[in-house]
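Here the structure is laid out as structure tokens; the discussion comes afterwards.
The values are calculated or read from the model by the stated rules, or taken from the named source; none is laboratory data. Owing to the predicted nature of the structure, the values given are computational and were not obtained by experimental measurement. So basically every Cβ, Gly included, is an ideal-geometry build from the backbone, and we count neighbours across all protein chains shown.
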Amino acid sequence: MSELTAENVRQEVRAWLKANWDPNLSLVAWRNKLVDAGWGQPEWPTEWYGRGFSAELVRVIEQEFARIGAVSGAKSGIRLLAAATLLEHGTDDHKRKYLRRIITGEDTWCQLFSEPGSGSDLAGSTTRADLQGDNWIINGQKVWTTSAHHADWGLLLARTDWDAPKHKGLTFFVIDMHQPGVVVQPLKQMNGHASFNQVFMTDAVVARENLVSKIGNGWAVAMTTLAHERRRADGLRSGAADVDRQAIVRGSIHEEEARENATVMAPYTWYPQRAGRVDLALPQALATGRVGDPVVRQELAKLLSLASAAEWTARRARATQQAGKAQGPEGSLGKLVASHVARQAQKVHTLIADMNSMLSGSDGPENGIIAEILVSVPAVSIAGGTDEIQRNIIAERVLDMPKEPRFDEGPFRDIPRN
């Protein structure tokens, strides 16, 4: 057997693509070929549709796909968080049932965690799961659920034991989002988008086999999902590919992929704006002449310094991941610094555009993008764990400071709730 090097992998995937890539296959047919060959998610274990490759080798594969314009396995939306969670905690039956259809894009997913009364306090979930015969009966409400309006399956955290402490009484499930008893209502945001939903579950049914891990171990499973979510949040992508323009042939599969992306990625179109759009700050300052203002120049320098520091923190986290080591403090540090970067970008955009920053649509700077930034940035301090939660994590787990006094210990049913 030849040594597993980047060059060997490059030659293997290049030969396989030459023999198999057909831009006029259907999207599902092509992705099934990827699954069978292990190229759809090559970092996954070999027994579960992957090749067990390192992140470095995965980048080589991505470059070869991009070089000729070949379509990859489905990666958008929550589906890869679902896959990572099931790979770590799911049964073999779960993996057989869900993983292939995640790669082929036939199933979409959502994450049913936050509730109206327990957003940052995830362990305060009050959605009930009661075992009746062979089924769990679910009653409760979730909120801020991205993509629930078109999801096939949901990752559900629900309370199964009201007499256990709050973190111990939770259990993790996979729930069918299309069943009776599950009602999804979009939530209109102040930036004009409707990415989030509230989900009402009334006597919804989860089969016993869709329990993930053990009863009462839901908190640990949810932490796996969130760890992967934060790990993906650094925004770094693989290096640019050496594109072979003569080899790129556009076909019907690209049109089908574009339609898929238009649906799956629609809820995320404003996410660059909530991050502050640092990339627009210097060009806008130069174009408007505001770069000559010493206050603007000072705040712009602060923004670019913060953004560079955040990028290097993210790269350090990625290097740790590539080395196969456990994630350090970079995840929470990166999440917190992203809020600081976004708010500083918001400040800089306002300084540059002045009153015009409030103009939306085609009348506003950058066709209204600046105004959208101003009303979108507050979300980055909330989504995926608030700034306050990240500060607690850093204080207690990184700096080893004393924990805050707790008033929510003992049986969950006795804890005061709003």
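Observations on the model:
- Filter pass, ASP22 being part of a helix (DSSP H, G or I) and either outside the structural domain of SER147 (by TED's automatic domain parsing) or of a type in the set (Ser, Thr, Tyr) (or both): no
- Condition check for ALA164: part of a loop (DSSP other than H, G, I, E, B) and surrounded by fewer than 16 Cβ atoms within 10 Å (Cβ to Cβ): no
- Every residue from region 174-209 that is of a type in the set (A, V, I, L, M) and either over 22 Å from the mean Cα position of the chain (by Cα) or in a loop (DSSP other than H, G, I, E, B) (or both): MET177, VAL182, VAL183, MET190, ALA194, MET201, ALA204, VAL205, VAL206, ALA207
- For region 400-411, the criterion of a residue being small (Gly, Ala, Ser) and within 25 Å of the chain's Cα centre (by Cα) is satisfied by no position.
- Residues satisfying the stated conditions in region 70-100, i.e. touching a residue at least 24 places away in the same chain (Cβ under 8 Å), out of contact with any strand residue (DSSP E or B) (no Cβ under 7 Å at 6 or more places or on another chain) and under 15 Å from LEU34 (Cβ atoms): ALA70, VAL71, SER72, GLY73, ALA74, LEU80, ALA83, LEU99, ARG100
- Restricting attention to region 155-193, the residues that are under 18 Å from MET223 (Cβ atoms) and in contact with a Cys (Cβ under 8 Å, 6 or more places away or on another chain) add up to 1.
- Some residue of region 21-34 being among the β-branched types (Val, Ile, Thr) and surrounded by fewer than 17 Cβ atoms within 10 Å (Cβ to Cβ): yes
- When region 107-138 is limited to residues that are acidic (Asp, Glu) and over 30 Å from GLY73 (Cβ atoms), the one that is surrounded by the fewest Cβ atoms within 10 Å (Cβ to Cβ) turns out to be ASP134.
- When residues of region 377-391 are limited to those that are under 11 Å from LYS335 (Cβ atoms) and of a type in the set (D, E, K, R), the one surrounded by the fewest Cβ atoms within 10 Å (Cβ to Cβ): ARG391
- Test: ILE68 is modelled with pLDDT under 95 and buried (at least 19 other Cβ atoms within 10 Å of the Cβ): yes
- Residue in region 344-367 that is closer than 30 Å to TRP162 by Cβ and either touching a helix residue (DSSP H, G or I) at 6+ places or on another chain (Cβ under 9 Å) or assigned to a loop (DSSP other than H, G, I, E, B) (or both) present: no
- Screening ALA371 against (1) surrounded by fewer than 17 Cβ atoms within 10 Å (Cβ to Cβ); (2) without any contact (Cβ under 8 Å) to a residue 24 or more places away in the chain leaves a single unmet condition, (1).
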